[in-house]
Structure formats: structure tokens, C-alpha cells
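Notes for the one structure printed next.
A short reminder: the numbers here are calculations on the coordinates, not readings from a lab. These numbers were taken from a predicted model, which means no experiment stands behind them. Positions of Cβ are generated from backbone atoms using ideal geometry, with glycine treated the same way; all protein chains shown enter the neighbour counts.
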Amino acid sequence: MPVNTDESNPRGDQLSTALLLALLILSATVLVGGIYWGITGFHAAFIQSPKDWVQCIAMSLVIVASFMLARSVAWLSMFGTVALASRMGSWKMVETVGSKGPLFRKVLPGGSPWLTTALVQSLVNRGQYKEALVAAQDEWDYYSKDDKQRTNLGTLAFTAGLAQQGIGSIKESQMWNERAIEILNLSLEQLSKPQKGLVARFASTQSAQALGQLRMQLAAAYFNNATIYFNSNDHRRAKENYKQAVENAKKAPDFPQRNEMVKFGQEQLGRLKHS
């Protein structure tokens, strides 16, 4: 696997740090300001005679809304920072923010799988396989028994499989690949279902992009598994996995290894035709 040996982009690190701090300050301002306004308004409405219960309820809602909005802005600060840093090749900031995911599991909307996945991907890209596997295993142990959160671990499992392959642990790589295939296929099935309503129409472009990414990862996971089965002379399962790899690669958007994967997979299927 190719390894990124470039230094982290210092300009990107600076800009993403500035974005993170700005949004965190905004989040804190919303939280403190909203709670202060809600409490003072509630107190004023409660002590007057007669009590203004409508105002009390309204101020209670202000407090709750302030917390929810501040939480969303805090999530955006991390998501936006990781997205900007990734785009600018600033892996130091990606890993700094990603490593904080487990600390905010109970606070961030959706938990920490997306943050840890960004961390693991960055580490694998740099050839830091053991560190990536430690982070991936910790996230898997925490969320894998949660049916709702488990569906967010497909990319993490796929990347962990690459890390195991990087250190030459073929059996463990296959295990992570199987996990990835199971979860990614489930996610693919859910995204492929027709959705109705305005929200579904608004999200149609994002869903198409997500489907493409899932197909790409599935193709790679199936291909890696097929190669492992082929090398261990399990030709029947190698054939099944090469077939799935080719089918998913053909449906995926173009990516660097796509044509080679399809060509080699078809060649292998030809060799395994009677297996």
C-alpha cells in the first residue's frame, strides 16, 4: 500500500485550528448566553404575581434549545475542522481532533465513530498501522454491540483491515474485511431504499455520493478477501468474492484502482471458472 510521507500542511493546520477555536467560542457563547437569558427570564416570570406560566415555559424551552444548538455547533466545529484539514493535507490536525472522539462519545450527535474513522484513515495513510488498530479496536469494542451505532463502523472496519494487511496479519485482515462487508452491505441496502418527502429530495445528492463510496469500499473489501482465499487455495470462496468485487467496482464512481481491480478480477474469475 502507498504510504504518505509528506509533512502535515502547516497552513492547513493553522486555518483548521482557527476554525475549531472560532466555532467552539461560538458554541460556548450560545450556551452561556442562552442559559443566562433563559434563567433570568424564568426567574422574572416566576416571582411576579400572578406567575406568568407561559413565560416560564418559554424560558425553559430557551434553555433546552440553547443546549441543543451549542451541541450542534460544537459538533460542526469538529466535523468542519476535520473536513478542512483533510482537504488541505493537514494530517496533524485530523489526528489531533480525531483522537478526542472517545472523550465526547456521549455528547456529540451520532457519537464518535466518524471522528475515530478519520483518525484511523489518517494513521493508515501514513503507515502507522499499529496505532490505527489500537484506535479501531477501542471503537469497535465500545460500539459493535449497539445495533444503531454498528452501522457506522463499516468504513472503520474496512480501514482496520488495510492496517492488518499492512503489518502482514492476513487472518486478522480477513476478519476485519468480513465485518466491513457485513456492515457496508447493510448500509447499502438501507441507502438504496426509495425515500419520500422533502428531506429525502434534499439529501438525494448526498445519498448518491454515499452509495458510490460504499460501492468503492465494498469492492476493495471483497477484492482483498478474494485474494486471501485464492492464496489459501479456497477457490470457491475466492470466486464468490472476486465476483462481488467486480460487480461493486463497476457500479462505483471512478477511483484510482477501479479499472485494474475490474480487469484483474475478471481474469481471476476466468481462471476459477470451473472451481
Task: Spatially proximal lysines relative to LYS243 (Cα-Cα < 20 Å; intrachain offsets below 8 disregarded) - done: LYS251, LYS263, LYS273
Open item on the list: Explain nothing, just the number: dipole magnitude of the stretch 1-96 about its Cα centre with +1 on each Lys and Arg Cβ and -1 on each Asp and Glu Cβ, in debye rounded to the nearest 20.
Closed with: 220 debye
TODO: Normalising by the residue count of the chain, find the relative contact order in percent from Cα pairs under 8 Å and 6+ residues apart.
DONE: 12 percent
- [ ] Working from Cα positions, state the angle (0 to 90°, nearest 10) between the long axis of helix 170-192 and the longest principal axis of the chain.
- [x] 60 degrees
Task: DSSP-loop trypsin sites (Lys or Arg not before Pro) across the stretch 79-159, with at most 11 other Cβ within 10 angstrom - done: LYS106, LYS145
Open item on the list: On C-alpha positions alone, give me the angle between the axis of helix 10-47 and the longest principal axis of the chain, in degrees, nearest 10.
Closed with: 40 degrees
TODO: Enter the Cα centre distance for the pair the stretch 119-144 and the stretch 32-111, rounded to the nearest angstrom.
DONE: 28 Å
Open item on the list: Need the list of lysines near LYS148 for cross-linking: C-alpha distance under 16 angstrom, and skip anything on the same chain fewer than eight residues off.
Closed with: LYS106
Open item on the list: Which lysines, if any, have their Cα less than 19 Å from the Cα of LYS171, not counting same-chain residues under 8 positions apart?
Closed with: LYS130, LYS239
Task: Net dipole in debye of the chain [+1 Lys, Arg Cβ; -1 Asp, Glu Cβ; about Cα centre; nearest 20] - done: 640 debye
